[in-house]
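Trainee: The structure follows.
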């Protein structure tokens with residue numbers, strides 16, 4: 001992909017989150033959406049977080065995907081500062097309570113500070129949500145997203161057809 005100005009920011013609280021957040025980067029690359037990937041810790045680099053959120057809109061970001069485990073304050077803190085849509089990815093970390101702490105920290109935002117929240121370790125869906133946001137104002141991205149959805153449907157129908165043949169199922173819609 002040629003180096004274009006990023007329109008999606010992917011941030012994570014620690015490099016240990018990269019194994020999960022890589023799925024967001026891979027999905028954005030699949031759609032040729034320019035992005036940047038960095039570490040911004042809500043607790044260890046709060047001034048970096050504030051600066052990142054303060055300049056997100058002026059840098060042209062259309063969405064920010066923020067992954068965090070444990071207390072998971074990163075997505076909410078970014079959302080409290082910027083008007084750019086923030087998509088939170090709760091991450092099941094080594095010290096987490098099976099990820100429930102991360103889910104609740106990101107999901108339970110106060111009125112006025114929305115964070116879209118995807119499933120635990122759901123970085124791919126976070127990227128797809130960012131792509132859907134971008135598709136509202138970019139016809140080429142909208143077309144690519146429509147093709148992606150059609151392929152998802154075709155894949156399921158192919159699998160259903162194979163099962164029907166293998167197991168003599170009668171259901172055929």
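Trainee: Are there any pairs with C-beta distances below 9 angstrom linking a residue in the stretch 138-151 that is touching a residue at least 60 places away in the same chain (Cβ under 8 Å) and on the phi < 0 side of the Ramachandran plot to a residue that is surrounded by 11 or more Cβ atoms within 10 Å (Cβ to Cβ) and assigned to a loop (DSSP other than H, G, I, E, B), with the two at least 6 apart or on different chains, and if so which?
Mentor: Close Cβ pairs satisfying both conditions: 141/31; 141/32; 141/33; 144/31; 144/32; 145/31; 148/31.
This table checks each residue for (1) assigned by TED's automatic domain parsing to the domain that holds residue 111; (2) under 21 Å from residue 119 (Cα atoms); (3) modelled with pLDDT under 95.
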site: 1; (1), (2), (3): no, no, yes
site: 12; (1), (2), (3): yes, yes, no
site: 16; (1), (2), (3): yes, yes, yes
site: 27; (1), (2), (3): yes, yes, no
site: 37; (1), (2), (3): yes, yes, no
site: 65; (1), (2), (3): yes, yes, no
site: 76; (1), (2), (3): yes, yes, no
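Trainee: Let me ask another. Restricting attention to the stretch 96-115, and to residues there that are surrounded by fewer than 21 Cβ atoms within 10 Å (Cβ to Cβ), touching a residue at least 24 places away in the same chain (Cβ under 8 Å) and in contact with a helix residue (DSSP H, G or I) (Cβ under 9 Å, 6 or more places away or on another chain), which single residue is farthest from residue 20 (Cα to Cα)?
Mentor: Applying the filter and picking the extreme gives 113.
Trainee: Still on this structure, I have one more. Select from the stretch 2-45 the residues that are in contact (Cβ under 8 Å) with a residue 40 or more places away in the chain, buried (at least 22 other Cβ atoms within 10 Å of the Cβ) and assigned to a loop (DSSP other than H, G, I, E, B) and list them in ascending order.
Mentor: Matches in the stretch 2-45: 13, 33.
Trainee: For residue 145, work out the one condition from (1) over 30 Å from residue 102 (Cα atoms); (2) surrounded by 16 or more Cβ atoms within 10 Å (Cβ to Cβ) it doesn't fulfil.
Mentor: For residue 145, the failing item is (1).
Trainee: Please state which of the following conditions residue 154 fails to meet, knowing it meets all the rest: (1) loosely packed, with under 11 Cβ neighbours inside 10 Å; (2) at pLDDT below 95.
Mentor: Of the numbered conditions (1) loosely packed, with under 11 Cβ neighbours inside 10 Å; (2) at pLDDT below 95, the odd one out for residue 154 is (2).
Trainee: Would you check if residue 119 is under 22 Å from residue 19 (Cβ atoms), in the same structural domain as residue 13 (by TED's automatic domain parsing), in contact with a helix residue (DSSP H, G or I) (Cβ under 6 Å, 6 or more places away or on another chain) and modelled with pLDDT of 95 or more?
Mentor: Spelling it out, it is not the case that residue 119 is under 22 Å from residue 19 (Cβ atoms), in the same structural domain as residue 13 (by TED's automatic domain parsing), in contact with a helix residue (DSSP H, G or I) (Cβ under 6 Å, 6 or more places away or on another chain) and modelled with pLDDT of 95 or more.
Trainee: Another question, then. Suppose we filter 125, 169 for residues that are in a helix (DSSP H, G or I) and surrounded by 11 or more Cβ atoms within 10 Å (Cβ to Cβ); which single one remains?
Mentor: Values: 169 fails: in a helix (DSSP H, G or I).
Of the residues listed, the single one that is in a helix (DSSP H, G or I) and surrounded by 11 or more Cβ atoms within 10 Å (Cβ to Cβ) is 125.
Trainee: Then there's this: In this structure, does residue 97 turn out to be more than 16 Å from the chain's Cα centre (by Cα) and in a helix (DSSP H, G or I)?
Mentor: no
The values are calculated or read from the model by the stated rules, or taken from the named source; none is laboratory data. Every value quoted in this text rests on a predicted model; they were computed, and no experiment measured them. FYI the Cβ positions are ideal-geometry reconstructions off the backbone, even for glycines, and counts take in every protein chain you see.
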